[in-house]
Amino acid sequence: MFGPEALTQGGVLVAPHLLLSIGVFAIEIDRLMDWVHWRRDARVTHPLLMNSLEGLRPEETRIVLRTTFRHLERQFALWEASLDLAMVLGPLLGLLSTVIDLSKLIQTLGPDLLLI
């Protein structure tokens, strides 16, 4: 079912759609691993962060927390642009594939096609 004949029967855009799906799956695996590592490391870094905040003025505390959150945001937003691109390209590839296959069907039916 999933062999070379499936790629040839699926049309021209099956291979790019498949590669896009594999790429999104790989990004999600990477994100999952980041979350697992972050949760594991949070047991150590959370008490260290709390100890570093003790004795600081409120303004200094805000600065330390803001920089820490910016670092985490950058770390978790690493593949954000790629996922946004995949969200646009996936449906467009599917729609383009449908249009191409419908035009092939109409071309195959040719003169036998009756539009009433």
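The numbered conditions (1) surrounded by 13 or more Cβ atoms within 10 Å (Cβ to Cβ); (2) within 30 Å of residue 105 (Cα to Cα) are all true for residue 24 except (2). The condition (being in contact with a helix residue (DSSP H, G or I) (Cβ under 8 Å, 6 or more places away or on another chain) and in a helix (DSSP H, G or I)) is satisfied by just one residue among 37, 17: 17.
Just checking, how many residues over the stretch 44-84 are among the aliphatic types (A, V, I, L, M), closer than 30 Å to residue 22 by Cα and outside any helix (DSSP H, G or I)? Steps first, answer last, please.
The initial filter retains those residues of the stretch 44-84 that are among the aliphatic types (A, V, I, L, M), namely 44, 48-50, 53, 56, 63-65, 72, 77-78, 81, 83.
If we keep only those that are closer than 30 Å to residue 22 by Cα too, we end up with 72, 77-78, 81, 83.
Filter once more, so that each one left must be outside any helix (DSSP H, G or I): 77-78.
Residues that pass the stated criteria total 2.
Given the criteria within 26 Å of the chain's Cα centre (by Cα), surrounded by 12 or more Cβ atoms within 10 Å (Cβ to Cβ) and over 30 Å from residue 15 (Cβ atoms), does residue 69 qualify? No; evaluated as a whole, the condition is false for this residue.
Here is a yes/no grid of residues against (1) within 19 Å of the chain's Cα centre (by Cα); (2) surrounded by 10 or more Cβ atoms within 10 Å (Cβ to Cβ); (3) of a type in the set (A, V, I, L, M, F, W, C):
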position	(1), (2), (3)
78	yes, yes, yes
94	yes, yes, no
97	no, yes, no
110	no, no, no
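Computed from the coordinates by the stated procedures, all read-outs in this text should not be read as laboratory data. A quick note: this is a predicted structure, and the numbers were derived from the prediction, not measured. Note that each Cβ is placed from the backbone with ideal geometry, even for glycine, and that neighbours are counted across all protein chains shown.
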